[in-house]
Amino acid sequence: MPMAASIVAADPQQQRVAIAIQAAERDGFDASQYADLASHPLYAWIEYATLRRNIDAVSAAQAQAFLTRYDGQAAAEAFREIWVAQSARREDWAALLAAWKPAVGRNGELRCAELKARQSLGRDDAQWVGDAQALWRAAAKPLPANCDAVFEALGAKGGLAADLRWERIDKAAAEWQPSVMRVAARGLPVEEAALVNDYAAFIESLHPRAINWPKTERSRRMASYGLARAAKSVPMIAEAQLPQYAQALGFTEEDRGRVLYQAALWTAASYEPESAQRLDAVPESAYDARLHEWRAREAMARSDWPAALAAIRKMGDKQRSEARWQYFEARLAERSGDTAAAQRLYREAANKAEFHGFLAADRIKASYTLCPSQPTSTAAERNAIARDPAIVRALGLYRIDRRGWATREWDDALSRFDDTQRRLAVEAAQSQGWFDRAVFALGKTPAGEARPDELRLYKLRFPLHHDATIRREAVRNRLDPAWVAGEIRAESVFDPRARSGANAMGLMQLLPETGAAVARDLGLSWGGADSLYEPDTNITLGTAYLRQLLDKYGGQPYQAIAGYNAGPTPLARWQSQRPGMDPDFWIETISYKETRDYVARVLAFSVLYDWRLNGTALGMEDRMHGRLGGPRKKFVCPVAVAPKPAAAPSPAQPAKKKKHH
């Protein structure tokens with residue numbers, strides 16, 4: 001399936017810009033040789049590369065001129081951070097303050113540099129004291145070393161009273177940060193500082209002196225923090241020592257729960273034999289969503305179906321109404337003989353277009369629910385986005401493989417866009433092959449809340465490219481093409497240049513050694529690691545590797561997917577721990593959250609790509625077992641969901657909006 005037609009103008013100078021940036025980074029840039037680029041949209045980034053390369057020699061006047069010339073653009077904000085740090089190193093406090101903007105203060109080191117600059121220039125007034133105190137209050141974890149001088153000055157001005165010191169000590173203790181506790185205690189009276197240091201020592205390593213601490217609410221909390229930290233590492237020791245400290249200091253249920261929670265969580269997450277006992281010991285008041293799900297999961301791992309059902313029914317309403325837990329409550333109710341409750345829950349879960357919703361639909365032999373949204377837009381709206389200066393720069397930088405800079409421009413553009421403009425920006429990006437913008441820009445608010453209407457933009461959120469190669473290689477390796485597409489979506493979002501921190505490369509994120517081994521097995525010439533950036537090569541080797549995993553793991557795709565993500569050693573452990581377990585329960589009891597979610601995600605993506613490729617889908621039950629000849633499922637939208645018309649502002653005056661992550 002070809003990409004959508006692009007309304008983004010081609011750039012005949014694109015390659016010349018790339019060469020100019022490379023020259024600037026090598027310190028071989030001569031502006032007179034690139035005079036024809038002076039009005040190019042990306043010229044600011046050529047200048048940025050020059051200034052960054054020569055930062056030690058840049059004068060305050062040069063830096064300020066650049067910041068003024070490109071004020072409000074992503075290139076200026078990127079340079080501003082570098083220049084503020086450089087000014088701090090030079091102790092050129094006037095230059096630092098001239099360049100300062102509040103957004104730079106997201107970096108703790110630079111925030112302290114700005115406070116130091118104001119202090120050094122005699123601007124340590126009441127506002128300075130308030131700003132320094134705010135930084136002190138916000139920091140439960142260690143701050144950069146350059147903050148020490150700021151806090152010393154704050155203390156000398158009387159701005160760190162005992163209550164502020166104790167406030168930070170309490171926050172640091174809750175985060176298990178004994179070093180911060182000790183730093184915060186330095187200005188306290190001798191006896192109080194000694195007590196804080198003993199609190200910090202206990203959090204680092206349990207000691208019997210705590211039994212004789214003052215019988216206060218704070219001492220109880222400090223002891224419970226230390227025991228909780230120990231319980232996370234060695235539950236048995238913390239459990240054994242809990243009674244003596246609880247009795248000596250008068251622990252409340254909250255204090256005990258804090259300790260028992262950690263002992264239970266880390267035991268259950270490893271499926272240790274004591275898991276059920278430790279989970280039962282945690283007071284219900286200490287349970288949160290995370291521990292509730294581990295209580296259910298741990299019971300499933302032991303095939304204790306009544307206990308798993310009881311655990312789900314103890315969850316809060318919001319958690320219990322998630323498709324995952326609706327489905328498993330239905331499964332377990334069905335096992336207990338409560339068919340009516342199971343059917344009701346399956347129907348509710350089946351209304352959700354996700355892994356457990358598809359599983360639920362299979363259980364009641366229903367079609368899959370899918371309500372895609374395809375809103376329309378005018379040519380004027382699309383052209384306005386294509387001409388937006390930040391979008392022009394973002395797409396231009398993406399095309400020359402400057403991903404970090406492109407993302408900065410993209411984020412700047414989206415901070416000004418309304419919902420319609422954001423969607424059109426994603427369409428423009430996808431027309432240039434920048435597919436992952438849909439993943440980062442659609443479906444959630446900046447605060448992480450779901451945007452239901454945008455979740456229904458399936459063709460944007462699940463792009464499809466190189467489908468002819470996917471089909472060809474899937475047939476060659478007797479695989480479902482939708483699975484291959486789902487893997488690519490999960491691994492790289494169809495970015496052929498994707499590279500992970502572990503050096504997995506390309507569309508299917510293959511390690512070079514894996515690619516070389518598969519090429520050897522296939523009798524293909526190996527073009528080196530960089531050949532994995534070629535889509536055809538990557539898909540050819542990646543699908544062959546999937547076939548190898550599938551053959552190795554008994555023809556069960558759900559286990560091959562787990563092995564693809566986690567590797568052979570963890571998979572062998574999970575196979576030996578729960579042999580013969582039904583796939584849905586086996587997937588849910590994978591101990592690694594990343595892999596557990598990955599398997600469910602790839603299987604759900606496979607259904608959606610089946611829809612994109614064929615209009616129907618192989619059933620999830622058959623898909624998990626690799627039965628490619630199973631019956632096909634239709635997609636229906638049981639309740640017509642009309643897309644809400646979005647009123648876009650005038651292209652000349654885009655709506656203001658909080659910046660997206």
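For the range 482-577, what ratio Rg/Rh do Cα atoms give with a Kirkwood hydrodynamic radius?
Details: Rg = 13.0 Å, Rh = 13.5 Å.
Checking Rg against Rh, the ratio lands at 0.96.
As a test of the formula, what do you get for the chain when each DSSP H run with n ≥ 4 contributes -39,500 (n - 2.57) and the sum is divided by the residue count, at 222 nm and rounded to the nearest 500 deg cm²/dmol?
Result for the chain: -18500 deg cm²/dmol, rounded to the nearest 500.
On alpha carbon coordinates alone, what is the Rg over Rh value for the range 106-228, Rh being the Kirkwood radius?
1.02
Two-decimal Rg/Rh of the range 236-342 from alpha-carbon positions, Kirkwood Rh?
Radius of gyration over Kirkwood radius for the range 236-342 works out to 1.05.
Taking amide H positions as placed 1.01 Å from N in the peptide plane, with prolines and chain starts having none, which residues 5 or more places from K633, or on another chain, fall under 5 Å of its amide H?
A617, L618, G619
Using alpha-carbon positions, what is the distance between the centroids of the range 141-195 and the range 337-355, in Å?
If you average the Cα positions of each part, the centres end up 54 Å apart.
Normalising by the residue count of the range 65-152, find the relative contact order in percent from Cα pairs under 8 Å and 6+ residues apart.
Details: 66 pairs, mean separation 20.7, N = 88.
In percent, rounded to a whole number, it is 24.
For the range 169-304, report the convex hull volume of the alpha-carbon atoms normalised per residue, in Å³, without decimals.
Per-residue hull volume (Cα only) is 95 Å³.
Looking only at Cα atoms, what is the convex hull volume of the range 582-636 per residue, in Å³?
Convex hull volume per residue, Cα atoms: 83 Å³.
Over the range 1-101, one equal point on each Cα, no solvent: what is log10 I(q)/I(0) by the Debye formula at q = 0.10, 0.17, 0.19 Å⁻¹?
-0.34, -0.79, -0.92
Dividing the Cα convex hull volume of the range 336-379 by residue count, how many Å³ per residue is that?
Details: hull volume 3.0 nm³, N = 44.
Dividing the Cα hull volume of the range 336-379 by its residues yields 68 Å³.
With every protein chain left in place, what is the accessible area per residue of the chain in square angstrom, probe 1.4 Å?
That works out to 44 Å² for each residue.
Mean 1/r over all different Cα pairs, inverted: what Kirkwood radius does the range 292-341 give, in Å? Could you put the intermediate results ahead of the total?
Working: mean 1/r = 0.0948 Å⁻¹.
The answer is 10.5 Å.
Can you pull the one-decimal nm distance between simple spin-label points at R218 and N614, each 7 Å off the Cα toward Cβ?
Placing both labels 7 Å along Cα→Cβ, they lie 6.7 nm apart.
Pop out the carbon and sulfur fraction of the accessible area of the range 134-287 as a percent, whole number, probe 1.4 Å.
That share works out to 52 percent.
What percentages, rounded to whole numbers, describe P(r) for the range 207-277 computed over all alpha carbon pairs with 10 Å bin width beginning at zero?
22, 53, 20, 4
Which whole-Hz couplings ³J(HN,Hα) result when phi for each residue of the range 435-451 is put into the Karplus expression 6.51 cos²θ - 1.76 cosθ + 1.60, θ = phi - 60°, listed in order with x for Gly and Pro?
Running phi through 6.51 cos²θ - 1.76 cosθ + 1.60 with θ = phi - 60° gives 6, 6, 4, 5, 5, 7, 9, 10, x, 9, 6, x, 7, x, 7, 5, 10 Hz.
Report, to two decimal places, the Cα Rg of the range 331-407 normalised by 2.2 N^0.38 Å (N = number of residues).
Scaled against compact globular proteins, the figure is 2.00.
Ignoring ligands, DNA and RNA, what percent of the accessible area of the range 587-638 is carbon or sulfur (1.4 Å)?
Of the solvent-accessible surface of the range 587-638, carbon and sulfur hold 54 percent.
Starting from the Cα of S120, step 7 Å toward the Cβ, then list every residue of the range 76-109 with an amide N under 17 Å from that point.
Hits in the range 76-109 for S120 at 17 Å: 81-101, 109.
Give me the orientation-averaged projected area of the Cα convex hull of the range 393-491, in nm², one decimal.
Working: hull surface 28.6 nm².
Spelled out: convex hull of the Cα atoms, projected over all directions, averaged, 7.2 nm².
Give me the percent relative contact order of the range 383-436, please, defined on Cα pairs under 8 angstrom at least 6 residues apart.
Result for the range 383-436 is 38 percent.
Going down the table (K171/K314; K101/K141; K171/K215), which pairs top 28 Å between alpha carbons? Please list the in-between numbers first.
Values: K171/K314 31 Å; K101/K141 24 Å; K171/K215 20 Å.
Long pairs (Cα-Cα over 28 Å): K171/K314.
Carbon and sulfur: what percent of the range 24-83's accessible surface (1.4 Å probe)?
48
Once you place label points 7 Å from the Cα toward the Cβ at D401 and A61, how far apart are they in nm?
About 4.0 nm separates the two model spin labels.
Take the eigenvalues of the Cα gyration tensor for the range 263-409, scale each by 5, and report the square roots as semi-axes in whole Å, largest first.
Working: eigenvalues 388, 119, 30 Å².
Equivalent ellipsoid of the range 263-409: 44, 24, 12 Å, largest first.
Provide the descending list of Cα extents for the chain along its principal axes, expressed in whole angstroms.
79, 77, 54
May I ask you to derive the relative contact order of the chain, considering only C-alpha pairs under 8 Å and at least 6 residues apart, and to give it as an integer percent?
Working: 882 pairs, mean separation 71.4, N = 661.
11 percent.
The values are calculated or read from the model by the stated rules, or taken from the named source; none is laboratory data. What you see is a predicted model; the values in this text were computed from it and never measured. Note: ideal-geometry Cβ built from the backbone for every residue, glycine included; neighbour counts use all protein chains shown. Side chains included, ligands, DNA and RNA excluded: accessible areas come from the protein's heavy atoms. Shrake-Rupley method; radii C 1.70, N 1.55, O 1.52, S 1.80 Å.
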